[in-house]
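Working notes for the structure below.
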Amino acid sequence: MANLIPRSALAPFLHAGHHGAVNKSGVILREVSNCALAEVTAFKGQKNALAAAIVTSFGITLPEANKIASKDGVTFVSVGPGKWLVTGEGEAERDLVARLEKAAGTLAAVVDQSDARAVVEISGEKARLALAKGVMVDLDPVVFQTGDAAVSFAVQFWITLWQTSDAPTFRIAVFRSMGRDLLHWLENSAAEFGYEI
Amino acid sequence: MRIPCPFCGSRDSQEFSFLGQAGLKRPDPTAPDAQKQFHDYVHIRDNKAGVTKELWLHANGCRSWIIVERNTLTHEVTGSEFASPMTKEAAQ
Ligand SMILES: [Zn+2]
């Protein structure tokens, strides 16, 4: 089999440096590369058994609707009934899919999405305002906080969005071919606040 | 218009796509009057002025099919549930 080499979805379009409004940096944009991705879908009637298997293998309790759960570089993002998008970084990047397949056995379908999605991280004190211009869910910190997630719509994209820190830091996963357009929109939206790449 | 997804919560209707009247039963193709039954199944709708049950897909969300109870006179949405018992089970 061909030896596949991971390639960044966005590297050719990311221009490092300061952009937009001068003398301020309200937003920081970066691609989350070196990140394994998989979608896990529980088979009929197997959700509880899957949940137990994930606790055993990953030490993670599967998150309920609109939530994430993380441990040791692995994050489960709830994306639908019985469905999770899983990210693996650092040590967890290399064997994420194999570990999931082993844990899920006949309880769930595990589909490698590493080459199918682009993931962008948006942080900084104006991140919320930059996102709010296009994201259709309410991102006010009263209702959307660290650990929250939403599968929703932004501008023209079907997005999976989750918040990883109070900075605040958000992540958005889109179909890889949409990554460039998502970045383009984020840059326009963040320009008035000044942004760093 | 806001639609309450039983999984995601209250969302803008732009995230959903509409199919039509919920609860239609596909007729038996071997029935003697199958042609008439299929005609009605494909084309004939109640078109009620008032409370209806409709199928919506949360296409730009969790991708679940849901049944939404909506008043066509006021656009008031009074409830929703998963269309499939399998989805309901997976959401618990
Ligand atoms: Zn939904």
Point to revise | strands (runs of 3 or more DSSP E) contained in the stretch A:26-83 and holding at least 2 residues more than 18 Å from A:Ala108 (Cβ to Cβ) | key: A:27-31, A:68-71
**Study point:** Members of the stretch B:44-72 found to be in a loop (DSSP other than H, G, I, E, B), open to solvent by 50 Å² or more (accessible area, probe 1.4 Å) and either near the ligand (Cβ under 10 Å from one of its atoms) or closer than 14 Å to B:Met1 by Cβ (or both), listed by number
**Key:** B:Arg63
Point to revise | Residues located in the stretch B:59-92, provided they are free of Cβ contacts under 8 Å to residues at least 60 places away in the same chain and over 15 Å from A:Gly82 (Cα atoms) | key: B:Ala59, B:Asn60, B:Ile67, B:Glu69, B:Arg70, B:Asn71, B:Thr72, B:Leu73, B:Thr74, B:Glu76, B:Thr78
Review point. Condition test on B:Pro6, is it more than 16 Å from the ligand (Cβ to nearest atom), closer than 30 Å to A:Leu161 by Cα and within 12 Å of another protein chain (Cβ to nearest Cβ)?
Key: no
Revision key, fill the gap. For the stretch A:91-112, pairs from a residue that is closer than 12 Å to A:Ala36 by Cβ to a residue that is assigned to a helix (DSSP H, G or I), with Cβ under 6 Å and 6 or more apart or across chains, are A:Val110/A:Leu100; A:Val110/A:Glu101; A:Val110/A:Ala104; A:Asp112/A:Val97
Practice item. Go through the stretch A:141-162 and give me each residue that's without any contact (Cβ under 8 Å) to a residue 40 or more places away in the chain and either within 14 Å of chain B (Cβ to nearest Cβ) or surrounded by 17 or more Cβ atoms within 10 Å (Cβ to Cβ) (or both). Key: A:Val143, A:Phe144, A:Ser152, A:Phe153, A:Ala154, A:Val155, A:Gln156, A:Phe157, A:Trp158, A:Ile159, A:Leu161
Review point. Has the stretch A:123-130 got at least one residue that is open to solvent by less than 10 Å² (accessible area, probe 1.4 Å) and at pLDDT 95 or above?
Key: yes
Review point. A:Val119 versus (1) away from chain B (no Cβ under 11 Å); (2) assigned to a loop (DSSP other than H, G, I, E, B): which is the lone unmet condition?
Key: (2)
Exercise for review: Identify, from the list B:Thr72, B:Thr87, the residue that is within 14 Å of chain A (Cβ to nearest Cβ) and either under 11 Å from the mean Cα position of the chain (by Cα) or of a type in the set (Val, Ile, Thr) (or both).
Suggested key: B:Thr87
Point to revise | Subset of the stretch B:9-50 [within 14 Å of chain A (Cβ to nearest Cβ) and not small (Gly, Ala, Ser)] | key: B:Arg11, B:Asp12, B:Gln14, B:Glu15, B:Phe16
Practice item. Could you list, in sequence order, all residues of the stretch B:1-31 that are at pLDDT 95 or above, over 15 Å from the mean Cα position of the chain (by Cα) and hydrophobic (A, V, I, L, M, F, W, C)? Key: B:Phe7, B:Cys8, B:Ala31
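Here is a yes/no grid of residues against (1) out of contact with any Pro (no Cβ under 9 Å at 6 or more places or on another chain); (2) open to solvent by less than 60 Å² (accessible area, probe 1.4 Å); (3) touching a residue at least 40 places away in the same chain (Cβ under 8 Å):
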residue	(1), (2), (3)
A:Cys35	yes, yes, yes
A:Val40	yes, yes, yes
A:Ala51	yes, yes, no
A:Leu62	yes, yes, no
A:Lys67	yes, no, yes
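The values are calculated or read from the model by the stated rules, or taken from the named source; none is laboratory data. Just so it is clear, the model here is predicted, and its values are computed rather than measured. Using ideal geometry, Cβ is built from the backbone for each residue, glycine included, and neighbour counts are taken over all protein chains shown. Ligands, DNA and RNA are excluded from the accessible area calculation, which covers all protein heavy atoms including side chains. Shrake-Rupley method; radii C 1.70, N 1.55, O 1.52, S 1.80 Å.
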